[in-house]
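Undergrad: Quick one: the structure is below, and I'll ask about it shortly.
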Amino acid sequence: MNAQQKISRGQLGALLILSGAFRLLAQNRGGAPAGLEAVFLPLAAAGIQLLFVTVALFLLRSREGEGLADRICRYGGCLPGGLLCWLLGGWLLLAAADTAAQASFFLTSAVFPQAPALFFVLTMVLAGAYALRKGLEGLCRTAALVGAIATLAMGVIFLASAEHFQPAYLSFAGVSAGSFLGQAFSEAVRSPEPVLFLLFCGRVKGKGFGSAVLWVTVSGGIFSGAALLLWGVLGRTAGGQLFPFFTLTAIAELSVFRRMDAIYMGLWILIGLLRITALMLGAQYCIGKTLPANRESALCILMAGSVFAGGALLAGRREWLLGLEGFFRQGWGVVFVCLILPVIFLISGKRKGKRRIADE
Amino acid sequence: MFSWFERAIFRFRKKKYSAYSTCEPEESLPLTGDLTADLVSLRSLFSNSSDFIVRRLEVSGVRMAVLMCEGMINMEMLGKNVIHPITSHRLEREGDRQALLEWFRRGSLLAPDQQEVTETGDLFRFLMSGFAAILIEGEPRALMLGLQGYSFRSVAPPESEVNIRGAHEGFVEPIRINLTMIRRRVKSPKLCFELLSGGKKSKTDLCIVYMTDAALPRLVDEVRRRLKTADLDIILDSGYLTPFLEDDSGSLFPTVGVTERPDTLCAKINEGRIALLVDGTPYALILPWFFPENFQSLDDYCYRPLYAAFIRGLKYLSFLVTVLLPGIYVGAATFHPEILPPVLLYNIASAEDTTPFPLMLEAILIHLIYEIMREAGLRLPRAVGHAVSIVGALVIGDAAVTAGIIGSPMVMVVALTTVSSFVVPSLYESVTVLRFGFILLGGLFGFYGIGVGLFLLMMNICGQTPYGIPYTAPLSPFDSGEMRDVLLRMGWKRLGKRQLRVQRMVGSELMGEEKGGRME
């Protein structure tokens, strides 16, 4: 009874949406558009992400049951493929360390000012390592449950903050189309979810395009709705807040419950842990391809150790975090995986094909 | 020198084992037909045990012996149906043992179950199951007569799965009676009982129960395979086998179900599950078992759907309350008082001002006291148990508050928590341990600790895949079709439309092995 299990589109979608929602809750770095542009930005970013993923799926000519790491090993050969897997794994581990550091930054700056940041990084990485041992199926099932909890929590937050909603706050800030598209591109490529999708889509029944459409559409809608709520309640002040969504929940009140920030924090932790685990799992998929089989425990320790080391370096250093954010905003990882890598494989595949015909 | 010492110990162990092993039916010998020699051999097999009874008889010049195990036989039946006919029978030719054997074989002795054995080991096992044996001089075989008459508890209402409207019959210790209770409820030729034996020394009777038209053969094979791995000397309870049948021993929640009710077992095997009965245990094991099943009870299917759905919701709520409430209370009052309404916050603060302990310690202390009281009340004789309960209620409810050891809001939280824990009795063990864990997390790290604990708990639940089927099915992976009996309980018109099969659940590895299997 150990056949490789399949996960459903909905489960993978829930995992990626929640992983992406971490950005929504994370600190505000400034530079993002204000007003209605902020509401439409997630939709535009979702469109770009869908384009990227579609192109990658088409060019990689995926077989059913094959993920990105399998394809890299199949096309790339032993050494280049292995190197690429390690590179991609390292990039995902860096993203996981960034997530752990961001979470610890939020907790030490907004909730537990006296606590050491390292403690939060350590506990999150340990929890992530435990979840890593349970595998993708367990993670996706948990994501579906957390998704249900998040929907409920968002509904409560929406109800609690509805009385503060001011439609007058929602107006176009007058951002040019070029600038808007540039920001949408930056928004689309800064998150590693498209790469995670390409890594995990092999475990979804079918070739993955339907899953991509589901994930991107729903996440675009949800993030757009959240931005609408945020800008409708906080108005221009949303742009100046370090954690705008936290501020929103702090002012929301529902009946006898005075503040919603505890709900927000619970949600933040669950989403953060899901994201860290998903990124570690993605890295494990990539790096595990280059190592002998039955090395799960060692690999798990390697993943957790790397994320802890990265998170410990980044925790409490806001400049480093902002620098890393700048790196992710450039989107090299996503562009390389979704566009450059498939083109390279396409060309090398055609060359190999021509050589085979010439040999024959 | 040490090697000599090791050899000596090894020799001693070997000797000791061989002394015990004289009782092992593995040392089986063929019956010789020499009555005296066979009886000597059997006495040796029984280690001259005093409950092994031999009664020698002579019928028309044929020497014979009736063997039995004391207390296992109905003596009235033995006297009336066996001894009396034998002693009053006269053969046409004196000493014709073949004629006597034929007379026995024609069914002249009124025993419902008759067998012939030729080995002392088999004879031993039958005697241990309440058979009487007849050995005839010159015949290398023994006639076994099923005259079971050992005393056992009569069928009574199940104590751990009390219900209002359903049947009030629970399993009892003898496996055969349990089998009849199942057979009476499912009069189908597809119902299959597979008798096995487990325990090297105890040779306990085990029975795999399944419906041949519902259970996948692969699932049955897997249960058989896992049972074979149970390398135990003695099996006295179904709990001995549970770890061998579970996938992951690290699971916080049971992945093998337990029921005391024959009707529940019948409903489960009709869904393609396998049940396992163990002789001497009034509980059956059901596998695979999923998390949402802990919230189902037989009464749910007797009530009207609306009320049943309400009860189902209440059970899920009680589970959350019993696991999380003390932790959330401690966490909120210690780290996040801003979320509490001002009046409640004031009450908590004034109550805590009078107590010497921090809130977390108070919660752990009072829960520990409660668990001690509960355990004492459970193990003591019923009359004393009641007294302990009264003392407990007084100590916890009144004296501790009056003495200023604990605050009254904490008493309220503990009372609500403990009452809630009995709403889902099958999860009692798990929630008790988890409750302490969440109190510690809430008291040390506030809502952050509770969030991390909740994530780990969800991963533990969702990461289980007993027998290749997700433990949280059909909640996650979500299956709208099967949700008709999870959070809500639909009416029988909808429930009866399509029979649930475990192998067809979404996310199951077994899906597609059966015709009609579907994939999300």
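Here, each number is a calculation from the coordinates, and none is a lab measurement. Remember, predicted model here, so these are calculated numbers, not experimental data. Positions of Cβ are generated from backbone atoms using ideal geometry, with glycine treated the same way; all protein chains shown enter the neighbour counts.
Undergrad: Roughly how big is chain A's charge dipole about its Cα centre, with Cβ charges of +1 (Lys, Arg) and -1 (Asp, Glu), in debye to the nearest 20? Before the final figure, lay out the partial values.
TA: Values: 30 positive and 16 negative charges, 232 e Å.
Dipole size: approximately 1120 debye.
Undergrad: Counting other C-beta atoms within 10 Å, which of B:TYR370, B:TYR316, B:TYR150 has the fewest, and how do the rest follow? Mind showing how you got there, number by number?
TA: Numbers: B:TYR370 19, B:TYR316 15, B:TYR150 12.
The most exposed by this proxy come first: B:TYR150, B:TYR316, B:TYR370.
Undergrad: With the cut-off at 47 Å, report for chain B the share of all Cα pairs above it, as a whole percent. Intermediate results must be reported in sequence, preceding the final value.
TA: Details: 42135 of 134940 pairs.
Everything past 47 Å amounts to 31 percent.
Undergrad: Also: Give me B:THR355, A:THR237 ranked fewest to most by other Cβ atoms within 10 Å of their Cβ, as a rough exposure proxy.
TA: Starting with the residue having the fewest Cβ neighbours, the order is A:THR237, B:THR355.
Undergrad: Let's see if you can work this out: charge +1 on each Lys and Arg Cβ, -1 on each Asp and Glu Cβ, no other charges. What is the dipole magnitude of region B:242-388 about its Cα centre, in debye to the nearest 20?
TA: In total the dipole reaches around 420 debye.
Undergrad: Follow-up question, since we're still on this one. Which number comes out as Rg/Rh for region B:175-289 once both Rg and the Kirkwood Rh are worked out on C-alpha atoms?
TA: Using only Cα positions, Rg/Rh for region B:175-289 is 0.94.
Undergrad: While we're looking at this one, here's another question. Using only Cα atoms, tell me the angle between helix A:261-288 and the longest principal axis of chain A; keep it within 0 to 90° and round to the nearest 10.
TA: 10 degrees
Undergrad: Here is a follow-up. For the Cα atoms of chain B, what angle does the longest principal axis make with the long axis of helix B:217-228, in degrees from 0 to 90, nearest 10?
TA: Taking the Cα atoms of chain B, the angle to B:217-228 is about 80 degrees.
Undergrad: Among all the aspartates and glutamates, which ones have a C-alpha under 14 Å from B:LYS315's C-alpha, if same-chain residues fewer than 8 places away are not counted?
TA: Partners found: B:GLU293, B:ASP299, B:ASP300, B:ASP485.
Undergrad: Next up: Which whole number of Å³ per residue matches the convex hull of the alpha-carbon atoms in region B:301-462?
TA: 142 Å³
Undergrad: Using only helices, what value at 222 nm comes out for the protein assembly as shown when you add -39,500 (n - 2.57) per DSSP H run of length 4 or more and divide by the total residues, to the nearest 500 deg cm²/dmol?
TA: That comes out to -18000 deg cm²/dmol.
Undergrad: Hey, could you get me the Stokes-Einstein D for the protein assembly as shown, Kirkwood radius over alpha-carbon pairs, 20 °C and 1.002 mPa s, rounded to whole µm² s⁻¹?
TA: Approximately 67 µm²/s, per Stokes-Einstein.
Undergrad: Between A:LEU43 and B:TYR316, what is the FRET efficiency for a Förster distance of 51 Å, r being their Cβ-Cβ separation, to the nearest 0.05?
TA: Working: r = 36 Å, r/R0 = 0.70.
Calculated transfer efficiency: 0.90.
Undergrad: Fewest to most neighbouring Cβ within 10 Å: what's the order for A:VAL175, A:VAL213? Show your work: numbers first, answer last.
TA: Details: A:VAL175 19, A:VAL213 15.
Fewest-to-most Cβ neighbours within 10 Å comes out as A:VAL213, A:VAL175.
Undergrad: What's the extension gain from A:ARG74 to A:ALA177 if we count 0.36 nm per residue and subtract their Cα-Cα distance? It would help to have the intermediate numbers written out before the result.
TA: Values: separation 103, 0.36 × 103 = 37.08 nm, distance 4.11 nm.
Roughly 33.0 nm would be gained on extension.
Undergrad: Relative to the longest principal Cα axis of chain B, at what angle does helix B:428-462 sit, 0 to 90 degrees, rounded to 10?
TA: Roughly 30 degrees between the two axes.
Undergrad: Does region B:374-467 come out rounded, prolate or oblate by the C-alpha gyration tensor, with a ≥ b ≥ c the root eigenvalues, rounded set by a/c under 1.5 and, if not, prolate when a/b is larger than b/c and oblate if not?
TA: oblate
Undergrad: Same structure, new question: For chain A, which cysteines have no disulfide-compatible partner, meaning no other cysteine Cβ under 4.7 Å?
TA: A:CYS73, A:CYS78, A:CYS140, A:CYS201, A:CYS300, A:CYS338
Undergrad: Let me ask something additional. Taking amide H atoms as placed 1.01 Å from N in the peptide plane, list the residues 5 or more away in sequence, or in a different chain, whose amide H sits under 5 Å from that of B:ILE274.
TA: Close amide H contacts, sequence-distant or interchain: B:LEU287.
Undergrad: With every atom except the alpha carbons ignored, what do you get for Rg and Dmax of chain A, in angstroms?
TA: Values for chain A (Cα only, Rg and Dmax): 20.7, 80 Å.
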